[in-house]
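Enquirer: My structure is below; once you've seen it, I'll send some questions.
The values are calculated or read from the model by the stated rules, or taken from the named source; none is laboratory data. Only a predicted model underlies this, so the values are computations on that prediction, with no experimental measurement involved. Reconstructed Cβ throughout: ideal geometry from the backbone, glycine too, with neighbour counts over all protein chains shown.
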Amino acid sequence: MSDDRQMLTEVATGLFRDLCTPEDVVAAEATGWSERLWDALAGSGFPTVSVPEAAGGSGGDVADACALLTVAGRFAAPVPLAETGLLAGWALAAAGLELPEGPLSVAVGRPGDTVRLTGRRLTARLSRVPWGGRSTRVVAVAESGGQRFVVSAPTAAATVTPGRNLAAEPRDTLVWDDVELPEDAVAPAPDGVDPAALRLRGALARSAQIAGALARVTELSVRYTGERQQFGRPIARFQAVQAHLVTIAEEAQLAGLAAQVAALNARPDPSFDDVAAAKAAAGEAATVAARAAHQAHGAIGMTKEYELGQLTRRLWSWRDEFGGERCWSRELGRRLAAEGADALWPRISTGLLA
Amino acid sequence: MQFAPTALSPAEEALRAEVREFLAAELPPDHRPALGFAGRHDPEFSRTLAERGWVGMAIPQEYGGHGRSAVDRFVVAEELLAAGAPIGAHFVADRQTAPALLHFGTEEQRRRFLPGIAAGEVYFSLGMSEPDSGSDLASVRTRATRVEGGWTVTGTKVWTSEAHRNHFFAVLCRTSPMEEGRKHAGLSQLVVDLSAPGVRISPIPYLDGSHHFNEVALEEVFVPDDMVLGELGSGWQQVTSELAYERSGPDRWLSTFPVLREWLRERPGVTDDEAAVLGRLAGRARAIRHLSLSVARALDAGAAPAVEAALVKEVGTRFEQDLVEALREAAGTELDQGSGSLFCSLLAEAVLTSPSYTLRGGTTEVLRSVAAKGLAA
C-alpha cells in the first residue's frame, strides 16, 4: 500500500474506532444512520475521496476510496460513504455538475426503476436507494431525446417510502412526480457515465466493504474460539472448530485481495473482469464465512448486542446489492465465452497491472 | 497474515510471453492436456524445457541452474499447467528436491544432483509415506543401521509416485530409536538410488488402473554416508519445511483448468446457466491466482509465509475439485474416459484423479491445523 493510502487508512481507523463503536452501530439502527459519524467524516473530507479537488472533492483515486470503504466495512459504519463520493460524486464531477453539501446517493437502473426527463422536468421512481431519504440529492442517469443526462435530483422534492436492508440500513423508494429540477441538476452525461458504470462502481464499493467486514469477522472468530472453553479447553483446539476458522480466514483473504486488485487497477475506472470476479468472490465469501462464523460462535453470535451480527447482517445484504454472485458470474462468463477457449487463460491470468 | 497485491514486472510479462510462444510451438494442436504436475511423465519434454532454462530456475547458476526468482518460477509453472504441458518427469525434483538439496545438502551432493535436475534429466520421487505412516510422519518405521562407510536401510515406502521411472528418492527413516516423548527426534533423510541392489519396486495400481503409485521395499539397501541429506536426526524438521515449499504454487489450483478450457471449446454458445458456471470458475481462479502470486512475491522478499501457503493450498485444491463437479453438473453427460469428446474424456480423468489433490503434499485436514495454529498466533 502506498504511504499516503496507509496513512489515510490509519487516520480513518482512528476516527471509526472513536465514533463507530458496536454500541454506536446498534444505536444508529433506530434512525438508520449516525449523524455524529457522518459529520466527522465530512469534516475530514472522507466521503468525497476519489472526486477531483477541482470538482469540489477531496482528490485521491479509486483505490484510496476503496481503502476507506474497507475500514468502514470493518466498523459496520451506518453512513452512505460509498454512495456519496465513489458513485454519485464521480458521476456529478464527470458531467461538470456541482457537488452538493451533505450525503448523496445514487440509482443504478434497478429492474422496475423508471426515470423520465423532459427538459428539466423529472418523473422518476427509484427503488432501494441507499440512505435515499437521508441524502440531499440522488444521482441517476436519464435518457431524453436520444441523449443521456446525469440528473442530480433533490430528495426534498421526492416522496420517500422507507425501506431497509437486513442490517437496518435505509434502502428507500423515492418518487418524483413531474418535478421541475433546479438548473444545476441536469447535464449531458459524458461517454462512459451510464447505469452500467455506476453499477460497476457500486459492486466494487460493496466488495471493499465486504472485505473489511470479513477481516473483522475473522478477528472476532479467532478471539472468541480462543477464549470460550468447553470440555475443559478452548474450543479453538478442536479440529472441527479449526476448520471453521480456516474457512473464514481464507474466504476473507481471497475476497479481500480480489477487491484490492480491482481497486488498484481502476486507473481511473474499474475494469469489468476485475470487479465481476471481486464481487462474485465477495458474495460467496460473505455467505460461506458468515455461516462458519456463526457456527463457531454458537448462540452468543445470534444476539443483537454481540458485534458479529452487525457484520453478518451487512454481509447478507451487501452480497446482493449492486448485483449478486450469480449475476456477476453470468455476465463475466458471457464475456469470456464470447472471446473463445484460447482467450480464457490470458484473461484469467491478468492480475494487478504494473 | 498478509497477502499483498503484486503485479508482474515488464520482465516477468516478457518471460510469460516467451513461455506462451514456446508452448504454442511445442505442443501439437491435437495434444491431450495433462492434468496437473503429475499428469504426464515425458522426459523428452522435460529436457526440451530445460534447454530453454525453465527447469531448475531456482537453482543457482554455479550448480547448473538459473538463479531465478520465485515469481519467475511461478510465471513459467502457471503457463505450463494452464496449457496442460507434460511436466511430470522433472516437476517434483525441481519443486521439492532441489530446494532441499540447496538448504540441507552438502556441497558434494549439490554438485552431484543439481546440474542433472536443472538439465531435466534427473528425477526424484518422495520417500515419506509408509503403510502405517501418512499424515503422522514421525511414526515412520523404515530404519537405517550404521555400517562401515554408511547405512543399511530396511523398510517399506508406499504411494511412491513414479518410482518406476525416476532415479532417486529421499527416504525419511529412523537413524536412532524412538525415545519416549521425543518422537520427532532421530529421523533422517537419506538419498536412495532407486536402481540400487535391495530396492524392489512394485506397482500399486491407481484407482483408474494406471501405473502411478508404487510400493518401494528396501531390504538392507546400502547408502553411503555422503548420501545423508542434511543433519542426522533433523529429518522431521527438513521434511516439514520441504512441505512448506511445495504448498502454494500454481500446481495447487490449476490442475483441472484444461478441463474448463476444453469444455468452453466444445460449446457452440453458452446458456445463462453455463455462463454463470464459467464466470464463477474463472473469477475464482483469478482470485486464487492473486493469493498464490502474492506468496511467491513474499518468498522473493525473504519472508516465510508458511500459514499463507497452507491456506492457498487448502483453498486451491478444493477449487480444483469444485471445478470438476461444477462442469459435470453443467455438462449433464455420462463419464467415459474413452469418449470421443476431449472434454468428456478429460472430465472423466479428472473425476478419477482429483481426490488426490487434497491429499498429496499434506491433507486438507493437516493443512487446516497448520493454518489454524498460525491464525491464533
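Enquirer: Out of the residues in the range A:309-331 that are of a type in the set (Gly, Ala, Ser) and within 14 Å of another protein chain (Cβ to nearest Cβ), state the one that is surrounded by the most Cβ atoms within 10 Å (Cβ to Cβ).
Expert: Checking each candidate, the answer is A:SER329.
Enquirer: From the list A:ALA211, A:ALA157, A:ALA167, A:ALA197, which one is touching a strand residue (DSSP E or B) at 6+ places or on another chain (Cβ under 7 Å) and of a type outside the set (Val, Ile, Thr)?
Expert: Matching residue, one of A:ALA211, A:ALA157, A:ALA167, A:ALA197: A:ALA157.
Enquirer: Something else now. Of the residues A:ALA243, A:ALA263, A:ALA255, A:ALA280, which single one is touching a residue at least 60 places away in the same chain (Cβ under 8 Å), small (Gly, Ala, Ser) and in a helix (DSSP H, G or I)?
Expert: From the options A:ALA243, A:ALA263, A:ALA255, A:ALA280, the qualifying one is A:ALA263.
Enquirer: Take the range A:287-308 and flag every residue that is of a type outside the set (A, V, I, L, M) and either surrounded by fewer than 23 Cβ atoms within 10 Å (Cβ to Cβ) or not assigned by TED's automatic domain parsing to the domain that holds A:ALA240 (or both).
Expert: A:THR287, A:ARG291, A:HIS294, A:GLN295, A:GLY298, A:GLY301, A:THR303, A:LYS304, A:GLU305, A:TYR306, A:GLU307
Enquirer: In the range A:205-222, which residue that is within 16 Å of A:GLN295 (Cβ to Cβ) and either within 12 Å of chain B (Cβ to nearest Cβ) or of a type in the set (Lys, Arg) (or both) is nearest to the chain's Cα centre (by Cα)?
Expert: A:THR218
Enquirer: So, in the range B:11-45, exactly how many residues are within 14 Å of chain A (Cβ to nearest Cβ), over 17 Å from B:GLY120 (Cβ atoms) and in contact (Cβ under 8 Å) with a residue 24 or more places away in the chain?
Expert: 6
Enquirer: Can you give me the number of residues within the range B:228-261 that are farther than 15 Å from B:GLY36 by Cβ, in a helix (DSSP H, G or I) and at pLDDT 95 or above?
Expert: The number of residues fulfilling the criteria is 0.
Enquirer: Right, another one. Suppose the filter is polar (S, T, N, Q), out of contact with any Phe, Trp or Tyr (no Cβ under 9 Å at 6 or more places or on another chain) and within 14 Å of chain A (Cβ to nearest Cβ); does B:SER294 pass it?
Expert: No: the conditions fail for B:SER294.
Enquirer: Among the residues of the range A:332-345, which ones are touching a residue at least 12 places away in the same chain (Cβ under 8 Å) and more than 7 Å from chain B (Cβ to nearest Cβ)?
Expert: A:ARG335
Enquirer: Can you find, within the range A:223-233, the residue that is nearest to the other protein chains (Cβ to nearest Cβ) among those that are surrounded by fewer than 19 Cβ atoms within 10 Å (Cβ to Cβ) and of a type outside the set (Lys, Arg)?
Expert: Here the answer is A:GLY226.
Enquirer: Do you know which residues across the range A:66-103 are under 26 Å from A:ALA27 (Cα atoms) and of a type in the set (A, V, I, L, M, F, W, C)?
Expert: Once the filter is applied, which keeps residues that are under 26 Å from A:ALA27 (Cα atoms) and of a type in the set (A, V, I, L, M, F, W, C), the range A:66-103 yields A:CYS66, A:ALA67, A:LEU68, A:LEU69, A:VAL71, A:ALA72, A:PHE75, A:ALA76, A:ALA77, A:VAL79, A:LEU81, A:ALA82.
Enquirer: Further question on the same structure: From the list A:ALA156, A:ALA88, exactly one residue is in a helix (DSSP H, G or I), more than 30 Å from A:GLY60 (Cα to Cα) and at pLDDT 95 or above. Which is it?
Expert: Answer to the check: A:ALA156.
Enquirer: Right, here's the next one. Taking the range B:310-322, which residues are more than 12 Å from chain A (Cβ to nearest Cβ) and crowded, with 24+ Cβ neighbours inside 10 Å?
Expert: Within the range B:310-322, just B:GLU320 meets the criteria.
Enquirer: Something else now. Suppose the filter is within 7 Å of another protein chain (Cβ to nearest Cβ) and touching an Asp or Glu at 6+ places or on another chain (Cβ under 7 Å); does A:ALA262 pass it?
Expert: no
Enquirer: Scan the range B:1-47 for residues that are of a type in the set (Val, Ile, Thr) and closer than 30 Å to B:GLY374 by Cα and jot them down.
Expert: B:THR6
Enquirer: Cβ contacts < 6 Å: first residue over 20 Å from B:THR160 (Cβ atoms), restricted to the range B:353-369; second residue surrounded by fewer than 21 Cβ atoms within 10 Å (Cβ to Cβ), any location; separation 6+ or different chain. Result?
Expert: Listed by first residue and then by second, the contacts come to B:SER354/B:GLN321; B:THR364/B:THR358; B:ARG368/A:ALA243.
Enquirer: Mind listing just one residue for me: the one in the range A:96-111 that is at pLDDT 95 or above and loosely packed, with under 15 Cβ neighbours inside 10 Å and, of those, nearest to the chain's Cα centre (by Cα)?
Expert: A:GLY102
Enquirer: Only residues that are within 9 Å of chain B (Cβ to nearest Cβ) and either surrounded by fewer than 24 Cβ atoms within 10 Å (Cβ to Cβ) or farther than 19 Å from B:VAL277 by Cα (or both): list them for the range A:266-286, please.
Expert: Hits for the range A:266-286 are A:ASP273, A:GLU284.
Enquirer: Out of A:SER152, A:SER127, which single residue is of a type in the set (Ser, Thr, Tyr) and in contact with a Leu (Cβ under 7 Å, 6 or more places away or on another chain)?
Expert: Among A:SER152, A:SER127, only A:SER152 is of a type in the set (Ser, Thr, Tyr) and in contact with a Leu (Cβ under 7 Å, 6 or more places away or on another chain).
Enquirer: Looking at the range A:137-192, which of its residues are crowded, with 22+ Cβ neighbours inside 10 Å, over 12 Å from A:ALA91 (Cα atoms) and among the hydroxyl-bearing types (Ser, Thr, Tyr)?
Expert: Residue satisfying the conditions is A:THR155 alone.
Enquirer: Do we find a residue being part of a strand (DSSP E or B), at pLDDT 95 or above and of a type in the set (A, V, I, L, M) anywhere in the range B:121-128?
Expert: No, that holds for no residue.
Enquirer: Follow-up. Considering B:THR353, B:THR333, B:THR358, which residue is among the β-branched types (Val, Ile, Thr) and farther than 30 Å from A:LEU245 by Cα?
Expert: B:THR333
Enquirer: Can you report the number of residues in the range B:263-287 which are within 7 Å of chain A (Cβ to nearest Cβ) and either within 30 Å of B:ILE59 (Cβ to Cβ) or touching a residue at least 60 places away in the same chain (Cβ under 8 Å) (or both)?
Expert: 2
Enquirer: Here are B:GLY56, B:GLY67: which of them is crowded, with 21+ Cβ neighbours inside 10 Å, of a type outside the set (S, T, N, Q), not assigned by TED's automatic domain parsing to the domain that holds B:SER195 and not in a helix (DSSP H, G or I)?
Expert: Only one candidate qualifies: B:GLY56.
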